[in-house]
1. Only residues that are basic (Lys, Arg) and either more than 17 Å from Asp203 (Cβ to Cβ) or outside the structural domain of Glu162 (by TED's automatic domain parsing) (or both): list them for segment 59-81, please.
2. If you scan segment 158-181, which residues turn out to be over 29 Å from Ala59 (Cβ atoms), part of a loop (DSSP other than H, G, I, E, B) and either basic (Lys, Arg) or in contact (Cβ under 8 Å) with a residue 12 or more places away in the chain (or both)?
3. Scan segment 217-248 residue by residue and report those that are within 30 Å of Pro148 (Cβ to Cβ), at pLDDT 85 or above and β-branched (Val, Ile, Thr).
4. Name the one entry in Ala183, Ala98, Ala121, Ala149 that is within 24 Å of Leu214 (Cβ to Cβ) and more than 19 Å from the chain's Cα centre (by Cα).
5. Within segment 249-256, does at least one residue satisfy the condition of being at pLDDT 90 or above, of a type in the set (D, E, K, R) and part of a loop (DSSP other than H, G, I, E, B)?
6. I'd like the full set of residues that are part of a helix (DSSP H, G or I), touching a residue at least 60 places away in the same chain (Cβ under 8 Å) and either more than 24 Å from His228 (Cα to Cα) or in contact with a strand residue (DSSP E or B) (Cβ under 8 Å, 6 or more places away or on another chain) (or both), limited to segment 18-61.
7. Looking for something under 19 Å from the mean Cα position of the chain (by Cα), surrounded by fewer than 14 Cβ atoms within 10 Å (Cβ to Cβ), at pLDDT 90 or above and among the acidic types (Asp, Glu) - is there at least one such residue anywhere in segment 57-72?
8. Within segment 88-115, how many residues are in contact with a Phe, Trp or Tyr (Cβ under 7 Å, 6 or more places away or on another chain), of a type outside the set (Gly, Ala, Ser) and in a strand (DSSP E or B)?
Amino acid sequence: MTSNASTAPAPAAKRRLLLPGLVAFVVFCVLMTLGTWQVMRLQWKLALIERVEERIDLAPVDPPAPDAWEGIDEDAWDYRPVRLKGKFLEGEVYYYIALSEPHGTFGGPGYLVYAPFRTEAGPVVMVNRGFVPESRRLPESRPGSEPPAGEVEIAGLWRRDERGNMFTLDADPKTQVWFVREAPKMAASLGIDDAPLAPFSVDLRAEATPAGGLPQAGETIISFRNNHLQYAVTWYGLGLVLIGVFIAFARSETRRPSGE
């Protein structure tokens, strides 16, 4: 009596599937963990967005003092209304932006104008006074755009600093055009070195727009990158693909002759 050579004995097939099965199981667990982590991040991000939408209408508070700057919870402070007392210093820098959905009259390519503001307590905070079109970057092209003189109280939204990467363009020291919001570096580029430089900035509200209309305040862009659902679907999808591939592989192995 001869054996059927087209079918591998079950024990041999199991041995061949043992190592690939263990590897597939480990990879599957990793994919499921990544997917679940992204779902958790999605819930966290949605809760953060909801808190920010509620936060921007709160009454202004004093910003964190210098002794609280290190290790500050930026998520808790970002977009929070704050008030400052002090006076504007000379000079301004320009943050390049394409304003696609302006709240005011002007939009398109242009700049957010940042000016240094020395607070009563001493620290200097960079204040985003608002948007100007690309052709009206320089102060002489927009008469009446000077910040208020003397001691004033201002209010706006607390903004965290940005972090550049290897693709971020460097600031131009001649034109003072910046491509990433780094408040302390912006202030230092204006020669301010006699006071603590705040690691955050403040965006003025729309009512701070000068009579001439520029800089156009109140153009804070409230946005959050939220790709967590897409990532979760990707990781879970790869897990399902892995299951399908392993099932197909296992079937081919059980049908393979034992002598191969």
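1. none
2. Our first condition is that a residue be over 29 Å from Ala59 (Cβ atoms); within segment 158-181, this holds for 163-180.
Then keep just the ones that are part of a loop (DSSP other than H, G, I, E, B); that gives 163-171, 173-176, 179-180.
The answer is Arg163, Gly164, Thr168, Ala171, Pro173, Lys174, Thr175, Gln176, Phe179, Val180.
3. Result: Thr220, single match.
4. Residue meeting the stated conditions: Ala149.
5. no
6. Pro20, Gly21, Ala24
7. So far as segment 57-72 goes, no, none of its residues is under 19 Å from the mean Cα position of the chain (by Cα), surrounded by fewer than 14 Cβ atoms within 10 Å (Cβ to Cβ), at pLDDT 90 or above and among the acidic types (Asp, Glu).
8. Here the count works out to 11.
The values are calculated or read from the model by the stated rules, or taken from the named source; none is laboratory data. Every value quoted in this text rests on a predicted model; they were computed, and no experiment measured them. Every residue, glycine as well, gets a Cβ built from its backbone with ideal geometry; the counts of neighbours run over all protein chains shown.
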